[in-house]
1. Could you please find all residues in the range 326-358 being among the aliphatic types (A, V, I, L, M) and more than 21 Å from Ala372 (Cα to Cα)?
2. Just the residues that are outside any helix (DSSP H, G or I) and under 21 Å from Phe259 (Cα atoms), please, taken from the range 8-41.
3. If the requirement is being among the hydroxyl-bearing types (Ser, Thr, Tyr), touching a residue at least 40 places away in the same chain (Cβ under 8 Å), surrounded by 13 or more Cβ atoms within 10 Å (Cβ to Cβ) and in contact with a Ser or Thr (Cβ under 7 Å, 6 or more places away or on another chain), which of these qualifies: Tyr270, Tyr327?
4. If I filter the range 253-262 for residues that are closer than 24 Å to Met80 by Cα, free of Cβ contacts under 8 Å to residues at least 24 places away in the same chain and of a type in the set (Lys, Arg), do I get at least one hit?
5. Can you give me the number of residues within the range 251-301 that are among the basic types (Lys, Arg) and within 19 Å of Tyr103 (Cβ to Cβ)?
6. Can you tell me which residues in the range 2-31 are under 26 Å from the mean Cα position of the chain (by Cα) and more than 15 Å from Ala251 (Cβ to Cβ)?
7. Of the numbered conditions (1) crowded, with 16+ Cβ neighbours inside 10 Å; (2) more than 20 Å from Arg332 (Cα to Cα); (3) not hydrophobic (A, V, I, L, M, F, W, C), Glu87 satisfies every one except a single condition; which is it?
8. Looking at (1) hydroxyl-bearing (Ser, Thr, Tyr); (2) assigned by TED's automatic domain parsing to the domain that holds Leu62; (3) within 24 Å of Val101 (Cα to Cα), can you tell me which one Ser242 breaks?
Amino acid sequence: MRTIPFAKADCSGNELSYVAEVLRSGWLTTGKKCAEFEERFAACVGARFACAVNSATAALHLAAEAIGIAAGDRVFVPTMTFTATAEIVRYLGADPILLDVEYGTCLVTPDLLKDAVARHPEATALVVVHFGGQAAMMDELMSICQEHGLRLIEDAAHAFPARYAGRMIGGFGDATCFSFYANKTITTGEGGMLVTNDENIAKRARIMRLHGIDRDMWDRFIDMKAKWEYDVVAPGFKYNMSDIAAAIGLAQLERAEEFRRGRQRVVERYVEGLHGIRAIDLPRLPSKMEDHAWHLFWIVLNEQARVDRNRFIEQLNAAGIGTSVHYKPLHRMSYYRERYKLAPELFPNAERHWRGAVSLPLYSGMRDEDVAYVCDTVRGLLA
């Protein structure tokens, strides 16, 4: 039987060579490779500053702390996202206000945000998620945030390399946070990056990522001053990225657009191969496919499907096809549901998506015959 994984990293470039350089250097933690990765990534997305960390969750936490989110604040967060987007708000003693999303894109739209602001004028910030790799409508969202004094963090865990209005995602909001987890569009195994155009945010994030120490380890190593001398200026965190991870990231970054084109090729074949199946809804596609990072491609089983979503996933798995669900929305998670007294009817679009959503295999090296096999299997089960 054919076996097609849901995701598969491609590490066939310079990863081994760059990691070997780090091992031979004898300096394995945050150092020269990490600084180089930050510099090249910032240049790639068009941001002034970058701060490499050990996860996108860490990046989001640092961003929220740096912009001043604090206990008692209320922060807009889409319900259709991974829990990290909301949990970092709780880390700081603030409360997320969960928002519904647009059906077909799973994005927070300007109209949804305007409605939320009217109902919650006390909110102080928005964390916008570029879901699946498609950029949200940043110009209008930024305008609303500016009008109402909202700070803006971009959760771009899915969205490298993605573009909006001709610009790379990575410099619209106060800070933008990327993920390099093992199944992301580029990977360091575990890792993340905060980018910003605000020097104060960058300085704070760099201090807080390593225990609140005012000199990072590499600076202390190369500086001729006393290497042991430093100050702790805040109770920070342990969020730094190792040079081993950064070496992998540098090799992945070199091929980021190649990987994106490979995923777009897969998506184009999905769109063609799944066209006309009345039992499913396909994602609403952007006007320019090359602006999409294509981290995810999902289908939604609708009311015409003759099997439910869970049974359909079991059937795909039995055929050797790996799948996932993005996501069980946060308002259905017991912590958020019970703490904030949330009901499904408050989120009709997210509910419609969640009830039928299935994410199909998508990775740059996926063969055309494997895409055809997935499409034929889906059609055979549903058409």
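1. Leu330, Met333, Leu342, Ala343, Leu346, Ala350, listed by residue number.
2. Filtering the range 8-41 for residues outside any helix (DSSP H, G or I) gives 8-14, 26-31.
Lys8, Ala9, Asp10, Cys11, Ser12, Gly13, Asn14 - these are the residues of the range 8-41 that are outside any helix (DSSP H, G or I) and under 21 Å from Phe259 (Cα atoms).
3. Tyr327
4. no
5. 2
6. Of the range 2-31, the ones under 26 Å from the mean Cα position of the chain (by Cα) are 4-16, 18-19, 29-31.
Residues satisfying the conditions are Ile4, Pro5, Phe6, Ala7, Lys8, Thr29, Thr30, Gly31.
7. (2)
8. Condition not satisfied by Ser242: (3).
The values are calculated or read from the model by the stated rules, or taken from the named source; none is laboratory data. Everything numeric here is computed off the predicted structure, so don't read it as measured data. Counting neighbours? That spans all protein chains shown, and the Cβs are built from the backbone with ideal geometry, glycine included.
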